[in-house]
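Undergrad: Structure below; questions to follow.
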Amino acid sequence: MIRSTFRIAPGIGAFLESSLWDAGVRSWDDLPAARASGLPAPVELRLRRAIERARAALAAGDAEALAEMLPRNERWRLYGTFSGGAAFLDVETDGEALTAIGFLDARGPRLLLAGRDLDRFPEEARGWKLLVTFNGLSFDVPVLRRAFPAWRPPRAHVDLRHLWGRLGHQGGLKLLEANTGVGRPAHLVGLSGCDAVRLWRAHQDGDAAALRIFADYNLHDAVNLRTLMDLGYNRMVERLRLPAAPVPVHERGDVAYDVTKLLLAL
């Protein structure tokens, strides 16, 4: 995908990019000799320079540099290249303070809890190349930045609320799961963020069962983001007629055993 992206240069918008694809320029390597692209000379010069920088960043595995070159709403295109370094994250609060951070990355699903190991988050997040959230630009990332002022999220951040909004979805994460057929265990169906607050408070009062349900709820929020990212990426590729292959679609069952182990260890 990224080698077929021309939105890395100022002056190249959706129309010009699509025109290049339609003219047979399907990747950076297809860009013809100077002045044969049909682009205005200044735009072509900027594009060639941008491709040179992007090639170097791609060779170095530098998702930060590539994300900086792309418009924010097009950074989802990096997922095909950097999915192996992606983290799918969801946080919980008690209405004020951070209570839990659930995430899935290359090492599997994990859960950090207030009063136990929440302070490990910056170290755990080290090395993430791409961050996937739902409404994270407005909620999760600001919450984390307040709790960990020195932490900086990856510039390559895909907020699925906005990505799926481009695909016509309106509503929250649970509605999106229902509309796409991405399920969760029956005992979690119908639970919301308000229930998570209630469960956390019950845990603080000594209810061990409440903590397990709370953790299960948070982990499924995070784990399901991977499936939704896979589906969203593929639908965007199809809708925009992008010259890129689809990614495999993961299922929550792929990590069900690991989630169960985490819950049993609480």
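Undergrad: For region 183-210, what are the residues that are open to solvent by less than 70 Å² (accessible area, probe 1.4 Å), in contact (Cβ under 8 Å) with a residue 40 or more places away in the chain and either touching a Leu at 6+ places or on another chain (Cβ under 8 Å) or farther than 27 Å from His250 by Cβ (or both)?
TA: Matches in region 183-210: Val197, Trp200, Ala208.
Undergrad: Then there's this: Among the residues in region 73-84, are any touching a residue at least 40 places away in the same chain (Cβ under 8 Å), touching a Phe, Trp or Tyr at 6+ places or on another chain (Cβ under 7 Å), part of a strand (DSSP E or B) and not hydrophobic (A, V, I, L, M, F, W, C)?
TA: Within region 73-84, not a single residue is touching a residue at least 40 places away in the same chain (Cβ under 8 Å), touching a Phe, Trp or Tyr at 6+ places or on another chain (Cβ under 7 Å), part of a strand (DSSP E or B) and not hydrophobic (A, V, I, L, M, F, W, C).
Undergrad: Given the criteria part of a helix (DSSP H, G or I), touching a residue at least 12 places away in the same chain (Cβ under 8 Å), of a type in the set (Lys, Arg) and within 23 Å of Ala114 (Cα to Cα), does Arg235 qualify? Can you show your working first?
TA: Values: part of a helix (DSSP H, G or I): yes; touching a residue at least 12 places away in the same chain (Cβ under 8 Å): yes; of a type in the set (Lys, Arg): yes; within 23 Å of Ala114 (Cα to Cα): no.
In short, no.
Undergrad: Scan region 107-117 and tell me whether some residue there is acidic (Asp, Glu) and within 23 Å of Leu228 (Cα to Cα).
TA: no
Undergrad: Give me the pairs, please: first residue somewhere in region 132-148 and farther than 15 Å from Asp221 by Cβ and of a type in the set (S, T, N, Q), second residue anywhere and open to solvent by 30 Å² or more (accessible area, probe 1.4 Å) and in a helix (DSSP H, G or I), beta-carbon distance under 9 Å, and either six or more positions apart or on two chains.
TA: From region 132-148, the pairs are Ser138/Arg161.
Undergrad: Tell me which of these Ser4 doesn't satisfy, since it passes every other one: (1) under 30 Å from Gly127 (Cβ atoms); (2) loosely packed, with under 12 Cβ neighbours inside 10 Å.
TA: Tallying (1) under 30 Å from Gly127 (Cβ atoms); (2) loosely packed, with under 12 Cβ neighbours inside 10 Å, Ser4 fails exactly one: (2).
Undergrad: Follow-up. Any idea which residue in region 78-111 is nearest to Leu262 (Cα to Cα), counting only those that are hydroxyl-bearing (Ser, Thr, Tyr) and open to solvent by 20 Å² or more (accessible area, probe 1.4 Å)?
TA: If we take residues in region 78-111 being hydroxyl-bearing (Ser, Thr, Tyr) and open to solvent by 20 Å² or more (accessible area, probe 1.4 Å), then Thr93 is nearest to Leu262 (Cα to Cα).
Undergrad: Shifting gears a bit: Can you tell me which of Val223, Val249 is open to solvent by 40 Å² or more (accessible area, probe 1.4 Å) and in contact with a helix residue (DSSP H, G or I) (Cβ under 8 Å, 6 or more places away or on another chain)?
TA: Numbers: Val223 fails: open to solvent by 40 Å² or more (accessible area, probe 1.4 Å).
That would be Val249, the only listed residue that is open to solvent by 40 Å² or more (accessible area, probe 1.4 Å) and in contact with a helix residue (DSSP H, G or I) (Cβ under 8 Å, 6 or more places away or on another chain).
Undergrad: For region 88-126, which residues satisfy the criterion of being in contact (Cβ under 8 Å) with a residue 60 or more places away in the chain, over 16 Å from the mean Cα position of the chain (by Cα) and not in a loop (DSSP other than H, G, I, E, B)?
TA: Hits for region 88-126 are Glu92, Thr93, Thr99, Ala100, Arg110, Leu111, Leu113.
Undergrad: Go through region 32-55 and give me each residue that's small (Gly, Ala, Ser) and surrounded by 12 or more Cβ atoms within 10 Å (Cβ to Cβ).
TA: Ser37, Gly38, Ala50, Ala54, listed by residue number.
Undergrad: How do the pairs read when you match residues in region 155-166 that are free of Cβ contacts under 8 Å to residues at least 60 places away in the same chain and open to solvent by 20 Å² or more (accessible area, probe 1.4 Å) with residues anywhere that are in a helix (DSSP H, G or I) and hydrophobic (A, V, I, L, M, F, W, C), using Cβ under 9 Å and keeping only pairs 6 or more apart or on different chains?
TA: So the pair list comes out as Arg161/Leu173; Arg161/Leu176.
The values are calculated or read from the model by the stated rules, or taken from the named source; none is laboratory data. This one's a predicted model, so the numbers in the text were calculated from it and none came from an experiment. Positions of Cβ are generated from backbone atoms using ideal geometry, with glycine treated the same way; all protein chains shown enter the neighbour counts. Just the protein is used for accessible areas: all its heavy atoms, side chains included, with ligands, DNA and RNA removed. Shrake-Rupley method; radii C 1.70, N 1.55, O 1.52, S 1.80 Å.
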